[in-house]
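**Q** Structure incoming, see below.
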Amino acid sequence: MEIASKYDPSIAENRWYRVWIERGYFKSVPDDREPYVITIPPPNVTGVLHMGHMLNNTIQDVLIRRERMRGRNVCWVPGTDHASIATEAKVVAKLKAEGVEKTSLTREEFLKHAWEWTDKHGGIILEQLKRLGASCDWDRTLFTLDDLRYQSVIKVFVDLHEKGLIYRGIRMVNWDPEAMTAVSDEEVIYSDEESRLFYVNYPVEGEDGHITIATTRPETILGDTAVCVNPADPRYKDFIGKNVIVPMVNRSVPVIADEYVDMEFGTGCLKITPAHDINDYEIGVRHGLEVIDIFNDNGTLSEKAQLFVGTDRFEARRLSEERLISEGVLEKTELYRNKIGRSERTSAVIEPKLSMQWFLKMEDLSRPALDAVLGGDIAIHPPKFRNVYRHWMENVRDWCISRQLWWGHRIPAWYYGNGEFVVADTADEALAKAKRDSGNSSLTFGDLRQDEDVLDTWFSSWLWPLVSFNGIMEPDNEDIKYYYPTHALITAPEILFFWVARMIIAGYEYRGEKPFSDVYLHGIVRDKQRRKMSKSLGNSPDPLDLISQYGADGVRVGMLLCSPAGNDLLYDDSLPEQGRNFANKIWNAFRLVNGWKIDESVERPQWSEQAEKWFESRLHHSVNSYNDLFEKFRISEALMVVYRLFWDDFSGWYLEIVKPDFEKGIDPETYRVTMNFIDALMRLIHPFMPFITEEIWHLSSERSDNESLMISPMPEAGRVDSKLLTAFERAQQLVSSIRSLRREKNIPNRESIDLVIASPADKGMSSLMATISRLAGIGQVSESEVKPEGSVTIMVGTDGYYIPVGERMDIEAEVEKLNNELQYTRGFLEKVMVKLSNERFVNNAPSAVVETEKQKRDDALSRIASLEARIDELGK
């Protein structure tokens, strides 16, 4: 069959993905096979593919494809997240660009715009994932805001409320003034930033003195209701119980004492603003202080501030500084670095704010999820993150689950009367409950008002493995019983807490078992300067452009070459280029073999038989390593196993041995064996590079329409001849040394050279002499204890070989080379002896490890003796 000289990824990718879809290879229904299930971490519905998605979904697809080839009933569930804050922000921005303010719309009108936006932009990212080769069951595509998922989330809220786990109350929350909603602790990103520390004098009421406080936020002075000192601080003992005057607003407030105050920070005096700092709030509760909220929801100053009303908080800071200077109470300012919390979604500086919110009690709920990981029921890869997980779960706080948005799952609480409320699945049930609770049977729907807030996006996605199979609304359906628990979750460490942990909590609460067995945490894709890739920095390439340039297989390999679990990937275009080069290597190797002409009259040479036995063992050894690495979720290392197996062992050695001489034919058996090896290699490589392997697999043999590599079985590991592998490795060293010698002495490859084996000959090496002779261009092989005159010594381990080079012999250069090797070996021996002289190592290390070190010692001593003998011979 005529094979194109160059591999065109775009043709193969379009053809085979269409075939896979048409033949239903991605589709899964329950049957008698063992299932293997992954639910995709749902990307934002209006998002587009970025480098993090590429890495995450490549890993998922690699696992899915391998398990499919292992005969399991694979189900990879795709879907998207409604992403309340991000999506609402985009819709608000779109409307604003059109001259429409959100505040001018009713909730229904706004949601109509939101759904139009979602319908237009939603799902783009899933289509882009198909370009990568993602083999999801697209018929199962979900959306966290679709009808079934919506009903499931509401049912869970009602259930948890009835269990007494969801409550409503005023608490200090993280407020995002840009999105105008509360956000959870986990959605606040802290960073060290340059600030200023303002030292402000508060006059003592009725006296001439003053007390000085230090603050980074002078605008919040407008909400001060006390000044606090440590009762053990002798500097301020006489001030306790007196009143001071708050600058700018001339409010008289008490000086109180509380052990919370750090005497070493600033002046040792703390201004107390209960409405705008969590610690101040707690002090205020202990001392019964007034709470003055000086901020509007959008971060501007409210009427209660008295000054700068309607001004943005940062402008108010500047105005406050001017006012303090004019009043003569600003003593000084200093530069100061402190941690600033910003909203993960909008990057707005978070404002601590007292607000009425809905909360979920987490302490009791989280215990089974902590035990599951610490007890080993759920494995986290890499295991270093187990301690991070444990720390968070042991210090878990109640979860603020309400958000002041319109896009999302509306909280199913209805208010009536004087603030009373009921929680119910539907308005009809709410009315019935309200009538019952109030004793007022004349209540109507007009008397009820549903809560305006929606639920935190994570409150829907924490149910993802359950709702993927309708496990909330129909807990006994066939899908949930067959597919749950799922198997692997692939995600990033930064959402270990507010998604992974919560899914585990939900799994135990609603099915009494884990939602998945393994959590694989990959790193962040960064540029060479270790910066996180982002559009704003202009350092993130378009993934689809990379696929067009390097092919999907090349990009997939590139993403995995340098991404061990938990470690960040430092991206460079050389990575997908290396992946593309590997694809070209595979294609060219196949073209080479496919181009051989079978000649029935050619007898099979001895070196081909030797190469077959060696590569078969090498293949089986690699399959063992490959499977072991997959079990340990060391996926990048598994890729390197097959990468080296194909590039180094198959292409670099096996094909060099068995390829026919110029314009000669190949014997039928060697051709058959070689094509079988290609078949096995394509199966092993397929999970990583699905397109080129499917293409070659079909080109390599006649296939029926119902055959596909992606549903063909993985190679199984057979017997490994360890002695043969060791002998061949030594043969490779000898061949490489002879080739180096040829280059040094300018001996052409076409010119045969003789090889003299120093007695006694290595039996393993002797059995491979036909292969060694073919690869190294050896003419005559002999044995001798005496070094022939004019010959160069080659050492392989402790075995010596002589290559007669005649007049090309440079004794001084040869002695120098041997001396360098002797010096290296002595240094190696010294390091080994340090280990063996360490009693702790010898007594505590596994016996196999100690024996290995002893063998290294013996080999080094033998090699040193051989080298010294060779040097002595040359010196005579």
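The values are calculated or read from the model by the stated rules, or taken from the named source; none is laboratory data. Everything numeric in this text was worked out from a predicted model, so none of it was measured. Positions of Cβ are backbone-derived with ideal geometry, glycine not excepted, and every protein chain shown enters the neighbour counts. Heads up: the accessible areas ignore ligands, DNA and RNA and are worked out on the full protein's heavy atoms, side chains in. Shrake-Rupley method; radii C 1.70, N 1.55, O 1.52, S 1.80 Å.
**Q** Would you mind finding the one in 255, 244 that is closer than 22 Å to residue 203 by Cβ, at pLDDT 95 or above and either of a type in the set (Asp, Glu) or in contact with a helix residue (DSSP H, G or I) (Cβ under 6 Å, 6 or more places away or on another chain) (or both)?
**A** Going through 255, 244 in turn, just one is closer than 22 Å to residue 203 by Cβ, at pLDDT 95 or above and either of a type in the set (Asp, Glu) or in contact with a helix residue (DSSP H, G or I) (Cβ under 6 Å, 6 or more places away or on another chain) (or both): 255.
**Q** With 461, 438 as the choices, which residue is touching a residue at least 12 places away in the same chain (Cβ under 8 Å) and within 30 Å of residue 482 (Cα to Cα)?
**A** Among 461, 438, only 461 is touching a residue at least 12 places away in the same chain (Cβ under 8 Å) and within 30 Å of residue 482 (Cα to Cα).
**Q** Moving on to the next point. With respect to residue 292, determine if the residue is in contact with a strand residue (DSSP E or B) (Cβ under 7 Å, 6 or more places away or on another chain) and open to solvent by less than 50 Å² (accessible area, probe 1.4 Å).
**A** no
**Q** Oh, and also: Filter segment 705-735 down to residues that are open to solvent by 50 Å² or more (accessible area, probe 1.4 Å) and either within 30 Å of residue 793 (Cα to Cα) or not in a helix (DSSP H, G or I) (or both), then give me how many there are.
**A** The total comes to 12.
A quick yes/no check of all residues on (1) aliphatic (A, V, I, L, M); (2) at positive phi; (3) within 24 Å of the chain's Cα centre (by Cα):
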site: 340; (1), (2), (3): yes, no, no
site: 344; (1), (2), (3): no, no, yes
site: 357; (1), (2), (3): no, no, no
site: 369; (1), (2), (3): yes, no, yes
site: 375; (1), (2), (3): no, no, yes
site: 387; (1), (2), (3): no, no, yes
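**Q** OK, next. Return yes when residue 278 is within 41 Å of the chain's Cα centre (by Cα), in contact (Cβ under 8 Å) with a residue 24 or more places away in the chain and closer than 21 Å to residue 199 by Cβ and no when it is not.
**A** The answer is no for residue 278.
**Q** What is the number of the single condition among (1) open to solvent by 70 Å² or more (accessible area, probe 1.4 Å); (2) modelled with pLDDT of 95 or more; (3) over 47 Å from the mean Cα position of the chain (by Cα) that residue 211 does not meet?
**A** Condition not satisfied by residue 211: (1).
**Q** Can you tell me which residue among 455, 443 is among the aliphatic types (A, V, I, L, M) and within 30 Å of residue 388 (Cβ to Cβ)?
**A** Among 455, 443, only 455 is among the aliphatic types (A, V, I, L, M) and within 30 Å of residue 388 (Cβ to Cβ).
**Q** Of these, 181, 225, which one is open to solvent by less than 30 Å² (accessible area, probe 1.4 Å), modelled with pLDDT of 95 or more and either at positive phi or in contact with a Leu (Cβ under 8 Å, 6 or more places away or on another chain) (or both)?
**A** Among 181, 225, only 225 is open to solvent by less than 30 Å² (accessible area, probe 1.4 Å), modelled with pLDDT of 95 or more and either at positive phi or in contact with a Leu (Cβ under 8 Å, 6 or more places away or on another chain) (or both).
**Q** I've got another one for you. Please pick out the residue among 236, 260, 199 that is assigned to a strand (DSSP E or B) and among the aromatic types (Phe, Trp, Tyr).
**A** Within the list 236, 260, 199, the selection yields 199.
**Q** Tell me the residue from 285, 291 that is touching a residue at least 24 places away in the same chain (Cβ under 8 Å) and either farther than 21 Å from residue 324 by Cβ or part of a loop (DSSP other than H, G, I, E, B) (or both), please.
**A** The match here is 291.
**Q** Consider segment 270-289. How many of its residues are under 18 Å from residue 349 (Cβ atoms) and open to solvent by less than 30 Å² (accessible area, probe 1.4 Å)?
**A** 4
**Q** What is the number of the single condition among (1) under 30 Å from residue 19 (Cβ atoms); (2) open to solvent by less than 60 Å² (accessible area, probe 1.4 Å); (3) within 42 Å of the chain's Cα centre (by Cα) that residue 676 does not meet?
**A** Only one criterion in (1) under 30 Å from residue 19 (Cβ atoms); (2) open to solvent by less than 60 Å² (accessible area, probe 1.4 Å); (3) within 42 Å of the chain's Cα centre (by Cα) is unmet by residue 676, namely (2).
**Q** I've got another one for you. Going by what's in this entry, would residue 129 be described as more than 28 Å from residue 350 (Cα to Cα), of a type outside the set (Asp, Glu) and open to solvent by 50 Å² or more (accessible area, probe 1.4 Å)?
**A** When the stated conditions are applied, residue 129 does not pass them.
**Q** Okay, next question. Say whether the condition of being of a type in the set (Phe, Trp, Tyr), under 27 Å from residue 57 (Cβ atoms) and touching an Asp or Glu at 6+ places or on another chain (Cβ under 6 Å) is met by at least one residue in segment 476-486.
**A** Checked against the condition, which is being of a type in the set (Phe, Trp, Tyr), under 27 Å from residue 57 (Cβ atoms) and touching an Asp or Glu at 6+ places or on another chain (Cβ under 6 Å), segment 476-486 yields no hits at all.
**Q** A further question follows. Please work out which residue is farthest from residue 336 (Cα to Cα), limiting yourself to segment 165-178 and to residues that are open to solvent by 40 Å² or more (accessible area, probe 1.4 Å) and part of a strand (DSSP E or B).
**A** Here the answer is 167.
**Q** Can you pull out every residue in segment 377-392 that is open to solvent by 50 Å² or more (accessible area, probe 1.4 Å) and assigned to a loop (DSSP other than H, G, I, E, B)?
**A** Across segment 377-392, the qualifying residues are 377, 383, 384.
**Q** Residue by residue through segment 1-53, note down the ones that are in a helix (DSSP H, G or I), in contact with a helix residue (DSSP H, G or I) (Cβ under 9 Å, 6 or more places away or on another chain) and within 28 Å of residue 590 (Cα to Cα).
**A** Matches in segment 1-53: 9, 10, 11, 12, 13, 15, 16, 17, 19, 20, 21.
**Q** Scan (1) within 42 Å of the chain's Cα centre (by Cα); (2) farther than 26 Å from residue 815 by Cβ for the single condition residue 828 breaks and write down its number.
**A** (2)
**Q** Still on this structure: Being buried (at least 16 other Cβ atoms within 10 Å of the Cβ) and not charged (D, E, K, R) narrows it down to one residue among 135, 191; which is it?
**A** Step by step, each of 135, 191 is checked, and only 135 is buried (at least 16 other Cβ atoms within 10 Å of the Cβ) and not charged (D, E, K, R).
**Q** Taking the residues in segment 481-498 that are surrounded by fewer than 22 Cβ atoms within 10 Å (Cβ to Cβ) and in a helix (DSSP H, G or I) as candidates, determine which candidate is nearest to the chain's Cα centre (by Cα).
**A** By that ranking, first place goes to 493.
**Q** Among the residues of segment 70-89, which ones are surrounded by 20 or more Cβ atoms within 10 Å (Cβ to Cβ) and of a type in the set (D, E, K, R)?
**A** Once the filter is applied, which keeps residues that are surrounded by 20 or more Cβ atoms within 10 Å (Cβ to Cβ) and of a type in the set (D, E, K, R), segment 70-89 yields 81, 88.
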